[in-house]
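Asks: After the structure tokens below, expect a handful of questions from me.
The values are calculated or read from the model by the stated rules, or taken from the named source; none is laboratory data. Small disclaimer: the values here were computed from a predicted structure and weren't measured. Methodologically, a virtual Cβ is constructed for each residue, glycine included, from the backbone with ideal geometry; neighbour enumeration extends over all protein chains shown. The area values use the complete protein model at the heavy-atom level, side chains included, leaving out ligands, DNA and RNA. Shrake-Rupley method; radii C 1.70, N 1.55, O 1.52, S 1.80 Å.
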Amino acid sequence: DRRHAAGGGLISRSRSTRRWAAVTLVLVTAPLLQACAEALIVGTIAAGVIVAADRRQIAVIFGDQRIESAAGGRVNEALDGKGHVVVTSFNYTVLLTGEVPSAEAKTQAGKAVVGLPQVKTVVNELQIAGASSAASRSNDAYITSKVKSSFLGNGVFRPTDVKVVTEAGVVYLLGLVT
């Protein structure tokens, strides 16, 4: 097996050399792929458990995910990337939280979401302010974890029945608890 090199010379490579190179490549990458496979399996199981524990129908769960994705894109486009907007959808109700630079931007964000398929209601809780700091967002995550942990073992409803969103220290609860 001969091939011409870029400089015009011949490169001789036997089939056995290529075969050994392929075997080496497989042996080197196999452990890495195994880790990916394990992560994929664990992720799939976790997603299955979450879906099984959720009271909403699977079509509603995926519908909410599609709404969040589409609404996020529309809001970002409407605001030209200005502001910090978090889109949360639960049972086709959309909650907009975060900060925008003006009242006009707040209105534009709400209008961008209203026309999306399956959206029943838009709750626009955007604040007219500068983007929140990393410390503020970290504090919000801490508050969310405290609220979620308070639901554990309460005997009234399951923690998966309620979605908790915290923005600027304000806690929003979306869920099915009847």
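Asks: What tally of residues in segment 121-169 results from selecting those that are within 25 Å of Glu104 (Cβ to Cβ) and open to solvent by 70 Å² or more (accessible area, probe 1.4 Å)?
Replies: Counting residues in segment 121-169 that are within 25 Å of Glu104 (Cβ to Cβ) and open to solvent by 70 Å² or more (accessible area, probe 1.4 Å) gives 4.
Asks: Then there is this: Report whether or not Gly98 is of a type in the set (Gly, Ala, Ser) and part of a strand (DSSP E or B).
Replies: Numbers: of a type in the set (Gly, Ala, Ser): yes; part of a strand (DSSP E or B): yes.
Here the answer is yes, as Gly98 does meet what is asked.
Asks: Moving on. Gln108 - would you say it is in a loop (DSSP other than H, G, I, E, B) and either touching a helix residue (DSSP H, G or I) at 6+ places or on another chain (Cβ under 8 Å) or crowded, with 16+ Cβ neighbours inside 10 Å (or both)?
Replies: Working: in a loop (DSSP other than H, G, I, E, B): no; either touching a helix residue (DSSP H, G or I) at 6+ places or on another chain (Cβ under 8 Å) or crowded, with 16+ Cβ neighbours inside 10 Å (or both): yes.
No; evaluated as a whole, the condition is false for this residue.
Asks: I'd like to verify a number: residues in segment 111-120 that are of a type in the set (A, V, I, L, M, F, W, C), within 20 Å of His84 (Cβ to Cβ) and either open to solvent by 60 Å² or more (accessible area, probe 1.4 Å) or outside any helix (DSSP H, G or I) (or both), how many?
Replies: Count: 0.
Asks: Considering every residue within segment 73-85, establish whether at least one is touching a Leu at 6+ places or on another chain (Cβ under 7 Å), assigned to a strand (DSSP E or B), at pLDDT 95 or above and of a type outside the set (Lys, Arg).
Replies: Within segment 73-85, one or more residues are touching a Leu at 6+ places or on another chain (Cβ under 7 Å), assigned to a strand (DSSP E or B), at pLDDT 95 or above and of a type outside the set (Lys, Arg).
Asks: Any idea which of (1) of a type in the set (Asp, Glu); (2) open to solvent by 50 Å² or more (accessible area, probe 1.4 Å); (3) in a helix (DSSP H, G or I) is the one Asp64 doesn't satisfy?
Replies: With (1) of a type in the set (Asp, Glu); (2) open to solvent by 50 Å² or more (accessible area, probe 1.4 Å); (3) in a helix (DSSP H, G or I) applied to Asp64, the lone miss is (2).
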